[in-house]
Amino acid sequence: MSRLSELELIPKYPREKQTMINVNGDEAIAYAVKQSYVDVVAAYPITPQTIIVEKFSEFVANGETHTEFVAVESEHSAMSACVGAAASGARAFTATSSQGLALMVEVLYIASGLRLPMVLAVVNRALSAPINIHNDHSDAYLMRDAGWIMLFAENVQEAYDTTIQAFKISEHPDVQLPASVHIDGFFLSHTLENIYTLPDEAVYDFLGGPRKIAKVRVDYFDEEVNYALDPARPLSIGNLALYDYYFEIKVPQVLSMRKAEEVIKEVNEEWYKLTGRKYGNGLVDPFMVEDADIVIIAMGSSAGTVRSVVKKYREKGVKVGLLRIRSFRPFPHKDIVELLSGSKLVAVMDKGIGPGQYGALYLDVAASLYHSKSKPILVDYVYGLGGRDLSPEMVEQMINNLLKDLEKGYILEEERLRFLGVRG
Amino acid sequence: MVVKTLPEIQVKKGEPPYKIWIFEPGEKKELPLIFNLRQLAEQRRPALLPGHRMCAGCAAPIVVKLASFAFRGPTIVVTATGCLEVSTTIYPYTSWALPWIHNAFENAAATASGIEAAIKAMKKTGRLKYENVDVVVFAGDGGTYDIGFQALSGMAERGHDVLYILYDNEAYMNTGIQRSGGTPKYAWTTTSPVGRVIPGKSENKKPIADIMVAHRIPYVATATPAHWMDLVKKVRKGIEVNGPAFIHALSSCDRGWRHEESISVEVLRRAVDTCYFPLWEWSPETGYLLTDRSLVIARNPSLKQPIEKFLEVQGRFRHLLRPENKELVKQLQEYVDATWNDLLKRASNAPR
């Protein structure tokens, strides 16, 4: 659960005005999508995302939403249909996992390159081979450079909250980029939790009703026109741009991603005022980091396990903290430098590998810390591949090892990539 | 000798020879079909504007322009990656006079599905500015027969109200003439070259239109820009039906077929005259119906030309005209005869 710390502010919808429902992560996302006035959902089933599509189909079958559900024949077509729908000015959503995401990748780059707001739920699952249905972040790492905003939820409540927020962030006039919401397969997708939900109209108002279409200027119309397939003011979307324009089209994507940092923070605050829930500053969610010698960095549901162990060690007087990354893209370099300025050792927990390289999260953190004055020792823990459970004992073992490293004062290059919970 | 000067057709005074198609919100007027050439030239502008960079002699822009004469109102066009897409929309220019989108190579049908779903959702919630918006796809043979087939079949199965127009130039021309599922047997391409052992492509053309008939969608037809009224009528029918429609338009490519750029339309005429590419339409209610020239040939079989008439004007079949390859031409003739006779049996308007 999110920590309802210092409630000086009375939210517009305090808990008693919210409805508690008992759902798993997939159902929470399906419910959030139903409340978000989505026009088109195009999706293809894949474990462990399946419940999202099943649940959403039920909403459609029962006439609980106006959404057009397109039961496409592949994930490639799911993302393609979302591109078509978003280009028509509709609010679009899809969901996938693992191999499905891999099949989508081509079109993920097109969705962001065409600056089409939409939301994709990724129920993170290991990539084949060997084929596996359980959770790790290798699929998310696959899409890290696709130009999507990538938000990782820690629990089912956050999955619900983030899905709604993602529409708002994605459609913000300064952003206009697609956004993905990541939940850990099975750990969150199939785990029941009591969550608080807003009334439909509160979500509708929060999102400002149906999707607003951004305006663009083209030289053959005097006025600004809708950036959409609008027969009143025709535009061509998806043109061929060669060496003379491609670069100029790609750079604004990077700048919008930077603006997204601020928007994610704003939306996090706005959500707090509405519901009383917030997740750090929206980008990062630190726990006992201020005075910590050792900081553990993690994403997704594992952060909960790490947090409980951190609490235990704090009681013993060990100065350890947790920094949960909520926004993987845009990556919160600034926050990391600030928050880790006093730390001596930073352990990055990567739920995915890139053979021949460190984990993707480690690389990003290393890029941040290169510019920090106090360069802490940095180590990469690869864990949980293929859904291998992360037990509190494993985290304890990791912290014990880190304490030894801290005492020693250095980590050799060959020891910097470690595997947690692997046999042999 | 082919006359190279274009007829001068006066357009309305003060109006540019081309226009962006604008449908103000709420517009209900349905554009009429016009078959009088002078009236057409005066009253209608094609949706593909001048200045595009398709090759001289390419039939694809003729397909698009003719098809756009059949559009009835607000229309969104989707194009698969291919010649038509790259040479009509080189940023910062576009030749499209109406809303147009290109997504990727294999997903034009899926993109159109999403657009159609969005239109439905907008209509349901009272946010659609028109009674109706039509969705038309233009895709080449690569994006239809091969890499895009899954998306096309999915779109047909789900019943999206989209007209999919295949302009079939019988190879991957955009990447430089490589064989596709639409390339005919024994044709030369850069990946089915005519070697000492293998005489061009070894396999027959995939019967894509028949495959679409097997989906039992509301309307399927074949067409060529050489039979322009037939094409325009069929496009309008395809737009008017409620559900997916598929039109297979043969589209000559002078670069790939290796023919004179001035005879593109003539080559297509010969494709129909030899019954290599018969003109027909199909709907669940009527079954197969021969149309235009193919109906004439069915009624008067003496008009059917030998396949050599189609082969002889194209460099891609040049090797077949060598004496030692007579057997191959015979094989092609037999194949054409078999498919034609098969069609005659199926077509309910063919003389018995």
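The values are calculated or read from the model by the stated rules, or taken from the named source; none is laboratory data. As the structure is a prediction and not an experimental result, all values here were calculated from the model. Note that each Cβ is placed from the backbone with ideal geometry, even for glycine, and that neighbours are counted across all protein chains shown.
Condition first: in contact with a Lys or Arg (Cβ under 8 Å, 6 or more places away or on another chain) and either surrounded by fewer than 24 Cβ atoms within 10 Å (Cβ to Cβ) or within 14 Å of chain A (Cβ to nearest Cβ) (or both). Can you find one or more residues in segment B:111-119 that meet it? Within segment B:111-119, one or more residues are in contact with a Lys or Arg (Cβ under 8 Å, 6 or more places away or on another chain) and either surrounded by fewer than 24 Cβ atoms within 10 Å (Cβ to Cβ) or within 14 Å of chain A (Cβ to nearest Cβ) (or both).
Among the residues of segment A:59-107, those identified as among the polar types (S, T, N, Q) and facing another protein chain (nearest Cβ under 7 Å) are A:Thr67, A:Ser74, A:Ser77, A:Ser80, A:Ser88. Just one of the listed residues (B:Leu279, B:Leu290, B:Leu321) is surrounded by fewer than 17 Cβ atoms within 10 Å (Cβ to Cβ) and in contact with an Asp or Glu (Cβ under 9 Å, 6 or more places away or on another chain), and it is B:Leu321. Residues in segment A:196-241 that are among the aromatic types (Phe, Trp, Tyr) and under 30 Å from A:Arg277 (Cβ atoms) were compared, and the one that is nearest to the other protein chains (Cβ to nearest Cβ) is A:Tyr204.
Taken over segment B:16-48, the criterion of being within 12 Å of chain A (Cβ to nearest Cβ) and among the β-branched types (Val, Ile, Thr) is satisfied by B:Ile20, B:Ile22.
The residues of segment A:360-374 that are small (Gly, Ala, Ser) and free of Cβ contacts under 8 Å to residues at least 24 places away in the same chain amount to a single one, A:Ala366. Please work out if A:Ala166 is buried (at least 24 other Cβ atoms within 10 Å of the Cβ) and more than 14 Å from chain B (Cβ to nearest Cβ). When the stated conditions are applied, A:Ala166 passes them.
Flag: B:Gln178 does not match the condition of being surrounded by fewer than 24 Cβ atoms within 10 Å (Cβ to Cβ) and within 12 Å of chain A (Cβ to nearest Cβ).
Residues that are within 13 Å of chain A (Cβ to nearest Cβ) and among the polar types (S, T, N, Q) within segment B:127-165 comprise B:Asn132, B:Gln150, B:Ser153, listed in sequence order.
Considering only segment A:31-49, how many residues are more than 18 Å from A:Gly100 (Cα to Cα) and either away from every other protein chain (no Cβ under 13 Å) or not charged (D, E, K, R) (or both)? Working first, answer last.
Taking segment A:31-49 as the starting set, the residues that turn out to be more than 18 Å from A:Gly100 (Cα to Cα) are A:31-40.
Among the residues that remain, those that are also either away from every other protein chain (no Cβ under 13 Å) or not charged (D, E, K, R) (or both) are: A:31-38, A:40.
Residues in segment A:31-49 being more than 18 Å from A:Gly100 (Cα to Cα) and either away from every other protein chain (no Cβ under 13 Å) or not charged (D, E, K, R) (or both): 9 in total.
Among the helices (runs of 4 or more DSSP H) contained in segment B:277-352, which hold 2 or more residues that are among the aromatic types (Phe, Trp, Tyr)? Because the criterion is at least 2 residues that are among the aromatic types (Phe, Trp, Tyr), the helices (runs of 4 or more DSSP H) in segment B:277-352 that meet it are B:326-346.
Cβ-Cβ distances below 8 Å connect the following pairs, each with a first residue in segment A:301-315 that is farther than 18 Å from A:Ser327 by Cβ and assigned to a helix (DSSP H, G or I), a second residue that is hydroxyl-bearing (Ser, Thr, Tyr) and at pLDDT 95 or above, and a separation of six or more residues or different chains: A:Thr305/A:Ser391. Remark: pairs (first residue in segment B:25-50, part of a helix (DSSP H, G or I); second residue surrounded by 14 or more Cβ atoms within 10 Å (Cβ to Cβ); Cβ separation under 8 Å; 6+ apart in sequence or on different chains) = B:Leu40/B:Ile34; B:Leu40/B:Phe69; B:Ala41/B:Val11; B:Glu42/B:Val11; B:Gln43/B:Ile34.
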